[in-house]
Amino acid sequence: MDWQLVSESFWPLLRGALTGTMPLALASFAIGLVLALFVALLRLSPNPVLSWVGRAYISLIRGTPLLVQLFIIFYGLPQLGIRIDPWPSAIIAFSLNVGGYAAEVVRAAILSVPKGQWEAGWTVGMSPARTLSRIILPQAARVSVPPLSNTFISLVKDTSLATLILVTEMFRVAQQIAAFSNEFLLIYSEAALIYWMFCTVLSAGQNVLEKRLDRYVAH
């Protein structure tokens, strides 16, 4: 094993993760989570049209590969005169994907909160929106943390697809180093190790967050 190459490539790969992979994942997840809440509320709406719109969106996102969604936005939309730079294209594609997968998680989490919690909010004069934000969502957050954390961890790994639309993140840096050094197995294995390190840290953070949210659970 070429330990000099390992040491020389580690920082560029880590920097690619810190300045490319993680910002891309965090931005996409934050936007996707807001979208997921909106779609989940559509699904819960008593209005059949709104509920259908939510179901249709989830079905479309879940029924098509993420790579195809990414290519449609970056390579397909320009044929309609809509040109989006690589970074915004990646964020849009990943956010839409997260929104589709996380929407059902959020919906299930909201439904898991006892109906009595809604009634408690109305009893003290809270509006439905205030009851949702102050009582229901904090309790639903505790239930949704494990699946949403898994979604985020998967997203961190999926950002490697962004290299196909010229986004500079860790995997693209790994490709460049591997092509220059001709040490594909070594460099890609090093990149895999860094992905694993980040996912391990995120999993530990998930456990801490779950404990903090325990106080919101109704017993």
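FYI, it's all coordinate maths here, none of it is from the lab. For clarity, every value in this text was computed on a predicted model and none was experimentally measured. All Cβ positions, glycine included, derive from the backbone under ideal geometry; neighbour counts span all protein chains shown.
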### Task
Could you tell me how many degrees, from 0 to 90 and to the nearest 10, lie between the Cα long axis of helix 184-213 and the main elongation axis, the longest principal axis, of the Cα atoms of the chain?
20
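Hey, what number do you get for the chain at 222 nm if only DSSP H runs of n ≥ 4 count, each worth -39500 (n - 2.57), divided across all residues, to the nearest 500? Numbers along the way, then the final one.
Working: 10 runs with 162 residues, N = 219.
Result for the chain: -24500 deg cm²/dmol, rounded to the nearest 500.
Kindly state, to the nearest 0.05, the FRET efficiency for Ala108 paired with Gln176, given R0 = 41 Å and r defined as their beta-carbon distance. Can you show the working numbers first?
Values: r = 42 Å, r/R0 = 1.02.
Calculated value: 0.45.
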### Task
Return P(r) of the chain (all Cα-Cα pairs; 5 Å bins starting at 0; whole %; ordered from short to long distances).
1, 7, 13, 15, 15, 14, 12, 9, 6, 4, 2, 1, 1, 0
### Query
Applying 1/(1 + (r/R0)^6) with R0 = 45 Å to the Cβ-Cβ distance of Leu67 and Ser127, what FRET efficiency is obtained, to the nearest 0.05?
0.60
## Note on the structure
Taking Cα atoms only, helix 3-16 is inclined relative to the longest principal axis of the chain by an angle, in degrees rounded to 10, of 40
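Using 0.36 nm per residue of separation minus the Cα-Cα distance, give me the extension gain between Asn150 and Leu209 in nm, one decimal.
So the chain would gain 19.9 nm between Asn150 and Leu209.
Can you tell me the length gained on complete extension of the stretch Leu193 to Tyr75, counting 0.36 nm per residue apart and subtracting the Cα distance? Can you show the working numbers first?
On the way: separation 118, 0.36 × 118 = 42.48 nm, distance 3.11 nm.
So the chain would gain 39.4 nm between Leu193 and Tyr75.
Report the local net charge at Val105: Lys and Arg +1, Asp and Glu -1, summed over other residues whose C-beta lies under 14 Å from its C-beta.
Working: positive: Arg43, Arg62, Arg107, Arg142; negative: Glu104.
Value of the local net charge: +3.
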